[in-house]
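Read through the structure below, which is laid out as structure tokens, and then see the notes.
The values are calculated or read from the model by the stated rules, or taken from the named source; none is laboratory data. Because the structure is predicted, anything quoted here is derived from the model rather than measured. In this analysis, Cβ positions are derived from the backbone assuming ideal geometry, glycine residues included, and neighbour counts consider all displayed protein chains. Keep in mind that these areas ignore ligands, DNA and RNA; they rest on the heavy atoms of the full protein, side chains included. Shrake-Rupley method; radii C 1.70, N 1.55, O 1.52, S 1.80 Å.
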Amino acid sequence: RGWTMDSVDWKMKTHPVSGIDGRLSLFNFRTGGLLLEETRLAIEQDSSGVRLKGSIENDNRKNPNRFTATLDGEVKKNGFSVLTDFHDEHHVTGLNLGVKAGLEENGDITLHLFPEESVIAYRKFKVNKNNFFTLGKDNHISADISLMADDDTGFKISTPLGDSTRDVTISIANLNLNELSSVFPILPHLGGKLSCDAHAQWIADTLSAVAQMDLRDFSFEECKFGNLSTEMIYLPNGENEHYVQASVYAEQQEVMNVEGNYQELDGGSIDATVLMTEFPVKLFNGFLS
């Protein structure tokens with residue numbers, strides 16, 4: 001798989017009374033252009049549950065991806081929690097976000113984000129205090145999550161009150177892709193601002209969805225694409241079939257349209273027509289070497 005490492009040290013002990021006690025140390029792990037100099041993971045168990053602590057330290061000046069990242073997690077009988085933290089080479093916090101999950105007696109699973117002032121892609125976000133995302137045992141979804149920054153960057157996911165179906169709306173506003181890709185070194189180098197609105201609804205296990213996405217001043221691996229946008233529709237169209245339609249715009253001019261039907265049977269298939277109208281071939285530059 002193209003993985004290399006200088007050394008690895010792994011010690012794991014299990015006992016029917018004391019539980020699990022393990023340590024993993026990995027030095028100079030390489031995959032592609034990514035180098036992780038020192039990676040450590042510790043697992044401990046006691047009567048309350050299992051605790052995990054992980055860290056990655058990249059501080060060699062020759063390493064193009066210098067950062068420090070930590071993970072603190074805990075698994076208990078009725079849920080788990082995990083907190084991630086990322087600091088770049090200048091010791092600036094790029095990510096500080098946690099998730100708690102609880103398993104209710106009725107089988108529902110509820111997620112909560114914390115802390116109330118989190119950091120995502122170097123932006124400080126205020127998280128609504130009583131945020132939640134619940135996935136019911138019957139696949140019913142209920143949610144109210146809002147993350148808002150001072151520069152109008154935001155993320156929201158919500159469902160109608162008293163909804164008897166599964167109805168979800170997701171909104172992303174002014175997400176800085178350059179900062180996001182710098183926090184996650186495995187991502188390609190991106191640039192620009194992303195905004196997106198999506199609405200999905202399930203009725204009797206039949207999905208309907210509409211979405212709109214806008215990219216302003218978008219770039220991919222230093223190749224500039226400009227302003228791009230898409231509109232997508234996915235609607236029921238008879239038994240085991242959905243109508244699919246999508247349009248792609250460059251600088252507010254439609255350059256491609258896809259329209260057809262998706263069949264769920266036999267592993268799924270799509271029969272669609274793709275129409276390109278004066279498609280700007282410079283959009284391919286970012287994917288060519």
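Tabulated data
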item	result
Filter result for Leu41 (part of a strand (DSSP E or B) and touching a helix residue (DSSP H, G or I) at 6+ places or on another chain (Cβ under 8 Å))	no
Residue match in segment 7-27 (condition: closer than 21 Å to Phe184 by Cβ and either open to solvent by 60 Å² or more (accessible area, probe 1.4 Å) or in a loop (DSSP other than H, G, I, E, B) (or both))	no
Close pairs (6 angstrom Cβ cut-off, 6 or more residues apart or separate chains): part of a loop (DSSP other than H, G, I, E, B) in segment 198-224, of a type outside the set (D, E, K, R) and surrounded by 14 or more Cβ atoms within 10 Å (Cβ to Cβ) anywhere	Glu221/His189; Glu221/Gly286
Inter-residue pairs, beta-carbon under 7 Å, first open to solvent by 80 Å² or more (accessible area, probe 1.4 Å) and in segment 264-289, second at pLDDT below 80 and not in a helix (DSSP H, G or I), 6+ apart	none
Of all residues making up segment 229-238, the number that are in contact (Cβ under 8 Å) with a residue 24 or more places away in the chain and either surrounded by 15 or more Cβ atoms within 10 Å (Cβ to Cβ) or among the β-branched types (Val, Ile, Thr) (or both)	2
Residue in segment 28-41 that is modelled with the highest pLDDT, counting only those that are surrounded by 15 or more Cβ atoms within 10 Å (Cβ to Cβ) and of a type in the set (A, V, I, L, M, F, W, C)	Leu41
Search result, residues across segment 44-82 that are open to solvent by less than 70 Å² (accessible area, probe 1.4 Å), more than 30 Å from Glu105 (Cβ to Cβ) and in a strand (DSSP E or B)	Gly54, Ser55, Ile56, Asn58, Phe67, Thr68, Ala69, Thr70
Verdict on Thr110 being more than 17 Å from the chain's Cα centre (by Cα), surrounded by 17 or more Cβ atoms within 10 Å (Cβ to Cβ) and more than 28 Å from Lys193 (Cα to Cα)	yes
